[in-house]
1. Is there a residue being of a type in the set (Ser, Thr, Tyr), on the phi < 0 side of the Ramachandran plot and more than 15 Å from the chain's Cα centre (by Cα) anywhere in the range 202-220?
2. Can you name the residue in the range 150-208 that is small (Gly, Ala, Ser) and in contact with a Ser or Thr (Cβ under 6 Å, 6 or more places away or on another chain) and, of all such residues, is nearest to ARG96 (Cα to Cα)?
3. Residue pairs, Cβ under 6 Å, 6 or more apart or interchain, first in the range 225-245 and within 13 Å of VAL118 (Cβ to Cβ), second among the polar types (S, T, N, Q) and open to solvent by less than 40 Å² (accessible area, probe 1.4 Å). List them.
4. Taking GLY183, is it touching a residue at least 40 places away in the same chain (Cβ under 8 Å), in contact with a Leu (Cβ under 8 Å, 6 or more places away or on another chain) and within 21 Å of ALA31 (Cβ to Cβ)?
5. What's the number of the condition GLU232 fails, among (1) closer than 30 Å to GLU16 by Cβ; (2) open to solvent by less than 60 Å² (accessible area, probe 1.4 Å)?
6. Restrict the check to the range 159-169 and report whether at least one residue is open to solvent by less than 40 Å² (accessible area, probe 1.4 Å), closer than 16 Å to LEU27 by Cα, among the hydrophobic types (A, V, I, L, M, F, W, C) and at pLDDT 95 or above.
7. Does ALA12 satisfy being over 24 Å from ILE213 (Cα atoms) and hydrophobic (A, V, I, L, M, F, W, C)?
8. Does GLY134 qualify as being open to solvent by less than 80 Å² (accessible area, probe 1.4 Å) and touching a helix residue (DSSP H, G or I) at 6+ places or on another chain (Cβ under 8 Å)?
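The values are calculated or read from the model by the stated rules, or taken from the named source; none is laboratory data. Remember, it's a predicted structure, so these values are computed and weren't measured experimentally. As a convention, Cβ positions derive from the backbone with ideal geometry for all residues, glycine included, and neighbour counts pool all protein chains shown. Surface areas here come from the heavy atoms of the whole protein model, side chains and all, with no ligands, DNA or RNA. Shrake-Rupley method; radii C 1.70, N 1.55, O 1.52, S 1.80 Å.
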Amino acid sequence: MDPYFYRKSDSAIATEHGAGPWDPRMLHGGAPSGLIASIVQNLPSEVPMSVTRLTIDLQRPVPVGHLDIDVNITREGRNIQTSEVILSANGKQVVRASGLKIRKAELELPEASAMPEVAGTIPETPIGFPRAVGFNTAVEMRTEDPAAVSRKAVWFHIKRPFLDSQETTPLMRAAATGDYCNGFGSTLDFDVWTYINADLTLHFAREPVGEWIKLEANSWISPDGRGLGFGELSDQHGPFGRAVQSLVIAKR
């Protein structure tokens, strides 16, 4: 399959396969989220490190086509690394992201402090997504409870590669999956309302594993035109992270 992006050293070409449900000329938020995750994950560090936080500010709609990429390591230490990634299109900054990596260690934790390990089984029931165009056409979704309205648990398998030059990592899959909080957490009618996310923040307690990522999504909607989409991220070994979005609520 053709990728979402053709990557170069300081730029990328976003293909039409990454388009979102709001406008076919603009990318689904999962596409740049996966791209940024790969950039931060691949940054060299003085000691082995893992990505612990990604904050992605979607300052403008990200268009299909050429994107300039500017990367800067803002702090390099023995325990942490911080970085900034900026995506620009047509001379305008469209995404500003920051990353935090923490050094890897081998610790023997008390049993009461260890993370829960819950064996997850991929459900059989497929689920569709409104306006299944672009990015969503290559994402397989399965649900544990088709009748759920909120706090819906959905497993995601992104089949299309993100990049032409690199295999898709579990972290990239997790970053893109986190962008679905508004889509599966909102109780608003897609045909009546828009609930576009202005950002996405992801926290990781450990590295995700595998090709299937589970999101348990929910939302809080305010009558003043804003909201929060949020969810817990898991793989088949149990929970590993959380995602939060700031939502812009409007009637169509």
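1. As a first pass, look at the range 202-220 and keep what is of a type in the set (Ser, Thr, Tyr): 219.
Going one step further and asking which of them are on the phi < 0 side of the Ramachandran plot, we end up with 219.
Filter again for more than 15 Å from the chain's Cα centre (by Cα), leaving 219.
Yes: one or more hits.
2. Step one: list which residues in the range 150-208 are small (Gly, Ala, Ser), which gives 150, 153, 165, 174-176, 178, 183, 185-186, 198, 205.
Next cut, in contact with a Ser or Thr (Cβ under 6 Å, 6 or more places away or on another chain) only: 150, 175-176, 185-186, 198.
Details: SER150: 30, ALA175: 15, ALA176: 16, GLY185: 24, SER186: 25, ALA198: 11 Å.
Per the criteria, the residue is ALA198.
3. The qualifying pairs do not exist here.
4. Values: touching a residue at least 40 places away in the same chain (Cβ under 8 Å): yes; in contact with a Leu (Cβ under 8 Å, 6 or more places away or on another chain): no; within 21 Å of ALA31 (Cβ to Cβ): yes.
The answer is no for GLY183.
5. (1)
6. Yes; the residues of the range 159-169 include at least one that is open to solvent by less than 40 Å² (accessible area, probe 1.4 Å), closer than 16 Å to LEU27 by Cα, among the hydrophobic types (A, V, I, L, M, F, W, C) and at pLDDT 95 or above.
7. On the way: over 24 Å from ILE213 (Cα atoms): yes; hydrophobic (A, V, I, L, M, F, W, C): yes.
When the stated conditions are applied, ALA12 passes them.
8. Details: open to solvent by less than 80 Å² (accessible area, probe 1.4 Å): yes; touching a helix residue (DSSP H, G or I) at 6+ places or on another chain (Cβ under 8 Å): yes.
Yes.
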